[in-house]
């Protein structure tokens, strides 16, 4: 097995922490694990040696030495990568080309979930409630800012949040209380991504649900995110003690069951596989609204996804084992469709 860690995104350090936990949970008597570090510049290495993932002469995936050393056969890849160049379908496409089984969602689902604007299009087309908002492209903002202001006010309204469309961990996100704050928020978001999403702020509870499986799904209990901050920003997510996960969530039973149902529907709607964490808002009127779906959530034993699955009876070690099995099963199921 090759465990990919690090990566080129702003979530590099988070990935390293997640990958360390995953490797520690893998049974060394069952798995021959090769940790592969992807540095912030995109260079791959294993044990300090430059490497690359590629199909071998027989079509089986190999980890190649860039210095001409012996290749290592790879049965399965576990991409413990967050954000662009890891969670967005790019690494998944590489694994497909290399002929490797891999853990988690495929190319299309990964790309859709990473692009929050496209994800919401699929949610709406599938009849799944999601946050009202609008997309702003950098070219439009530069050339027609007045049109942008008008559309934001008509389709999102204030207060709102502005975020890069294809980043995670709350990087580049700003609250937008009113019109006066929109320009600064868009400049920040568009500095990270040429496409930004402006969404209406939803009052209520922030809850999350874990999903595990391919065909048959295990859906976790609902957890509630609470925090000591005006909003759920990067520092609040990752500084110890700032965020708390409460399981079960402090919402009505009706809302909790609705969230679990919608988590499965969202997972199916984008063609997800393996795992996902689905994030929701629950309003005081018990309306349940899908916010995002993360195909490679944080992966330490105390992360939200692992904690949710543990509350549903799937402990951390068993979770890692099952994800590897699901990756192998998905490759085997697809063999008959490969020409």
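The values are calculated or read from the model by the stated rules, or taken from the named source; none is laboratory data. All values reported here derive from a predicted model rather than from experimental measurement. Glycine also receives a Cβ, built like all others from the backbone with ideal geometry; neighbour counts cover every protein chain displayed.
Brief remarks on what is shown
Yes or no, residue by residue, for (1) surrounded by 19 or more Cβ atoms within 10 Å (Cβ to Cβ); (2) modelled with pLDDT under 95; (3) assigned to a helix (DSSP H, G or I):
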residue	(1), (2), (3)
261	no, no, yes
265	no, no, yes
272	yes, no, no
275	yes, no, no
281	yes, no, no
298	yes, yes, no
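- Residues of the range 84-127 that are buried (at least 24 other Cβ atoms within 10 Å of the Cβ), modelled with pLDDT of 95 or more and not in a helix (DSSP H, G or I): 102, 103, 104, 105.
- Test: residue 37 is at pLDDT 95 or above and outside any loop (DSSP other than H, G, I, E, B): yes
- Matching entry among 107, 80 (being outside the structural domain of residue 322 (by TED's automatic domain parsing) and out of contact with any strand residue (DSSP E or B) (no Cβ under 7 Å at 6 or more places or on another chain)): 107
Every residue, every condition in (1) surrounded by 15 or more Cβ atoms within 10 Å (Cβ to Cβ); (2) at pLDDT 90 or above; (3) outside any helix (DSSP H, G or I), yes or no:
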residue	(1), (2), (3)
14	yes, no, no
20	yes, yes, no
30	no, yes, yes
54	yes, yes, yes
68	no, no, yes
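- Filtered by the rule that a residue be touching a strand residue (DSSP E or B) at 6+ places or on another chain (Cβ under 8 Å) and in contact (Cβ under 8 Å) with a residue 60 or more places away in the chain, the range 121-135 gives 123, 128, 129, 130, 131, 132, 133, 134, 135.
- If you check 36, 22 for being outside the structural domain of residue 320 (by TED's automatic domain parsing), under 16 Å from residue 104 (Cβ atoms) and free of Cβ contacts under 8 Å to residues at least 60 places away in the same chain, only one passes: 36.
- If the condition is being buried (at least 17 other Cβ atoms within 10 Å of the Cβ), part of a helix (DSSP H, G or I) and touching a helix residue (DSSP H, G or I) at 6+ places or on another chain (Cβ under 7 Å), then the range 148-189 contributes 148, 152, 182, 186.
- Spans of strands (runs of 3 or more DSSP E) in the range 190-241 with at least 2 residues modelled with pLDDT of 90 or more, on the phi < 0 side of the Ramachandran plot and crowded, with 18+ Cβ neighbours inside 10 Å: 195-200, 205-213, 223-227
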